[in-house]
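Remarks on the structure that follows.
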Amino acid sequence: MAGEQNLQSKNRRTLLMLSAITLGMFGFGFAMVPLYCFLCQITGVQSVQQRTQTTASTVAANQSVSDRWVTVKFDSTVHPDLPWNFQAQERKLRVRLGEVNEMDFIAENRSSSEILGQAIPSVVPWQANAFFNKMECFCFRQQSLKGLESKHMPLRFSVSPDLPNDISSLTISYNFMRLDMNNEKPFTVVAK
């Protein structure tokens, strides 16, 4: 009888410990989103939540146009699993702080299959990230290109007049990733 009570006591302790571990794992999973946002905010990495769409009138109402000019460089890369060509129409643009600017990117699917992709943006130097405002961007949503299709993808942006004076040039990089890897069909790259 004493052995049976000892076994029940151990079982209860194990059950309590496993319940506590399960609750802890659930709590950690629940806390991941705020922790991720906090980490992105500290490091200056642009999280999905920071990619909010604003209108040109909102930006214009909140900031004035400055006499200061900066150079914005555009960099684009494509993941090796994505058979696309992707680049900005111009490599760099001289912009006035607070002014709304536009840049067109061109994406071309070199395969004969429809493919889904997503552009992931980043701004360098990272300190400039908070001052680079995207009003319209292809990176806000997934992009689908049919086989051999080309598409113009607009970027409307402004650089805040509050940009620190020691930053005279910034680079916005877009890395296009393939999203439909789970249903990956073999693709054929068509030579031109």
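No lab work stands behind these numbers, since they all come straight from the coordinates. Just so we're clear, the structure is a prediction, and the values are computed from it rather than from any experiment. Note that we place each Cβ from the backbone using ideal geometry, even for glycine, and neighbour counts take in every protein chain shown.
Just for the Cα atoms in segment 1-43, what are the lengths along the principal axes, largest first, rounded to whole Å?
60, 13, 5
Between Thr43 and Gln89, what FRET efficiency comes out of the Förster formula 1/(1 + (r/R0)^6) with R0 = 41 Å and r the beta carbon distance, rounded to 0.05?
So, using R0 = 41 Å, E works out to roughly 0.85.
What FRET efficiency would be calculated for the residue pair Ser64, Arg141, taking the C-beta separation as r and a Förster radius of 30 Å, to the nearest 0.05?
FRET efficiency, Ser64 to Arg141: 0.50.
Could you name the aspartates and glutamates whose alpha carbon sits less than 15 Å from that of Lys73, not counting residues in the same chain fewer than 8 places away?
Here the aspartates and glutamates satisfying the reach criterion relative to Lys73 are Glu90, Glu102, Asp104.
Between Lys151 and Tyr36, what FRET efficiency comes out of the Förster formula 1/(1 + (r/R0)^6) with R0 = 41 Å and r the beta carbon distance, rounded to 0.05? Could you put the intermediate results ahead of the total?
Working: r = 31 Å, r/R0 = 0.75.
With R0 = 41 Å, the Cβ-Cβ based efficiency is 0.85.
Assuming a ≥ b ≥ c are the square roots of the Cα gyration tensor eigenvalues, decide whether segment 62-192 counts as rounded (a/c under 1.5), prolate (otherwise, with a/b larger than b/c) or oblate.
prolate
For segment 108-159, what are Rg and Dmax over the alpha carbons, in angstrom?
Looking at segment 108-159, its Cα Rg and Dmax stand at 13.8, 41 Å.
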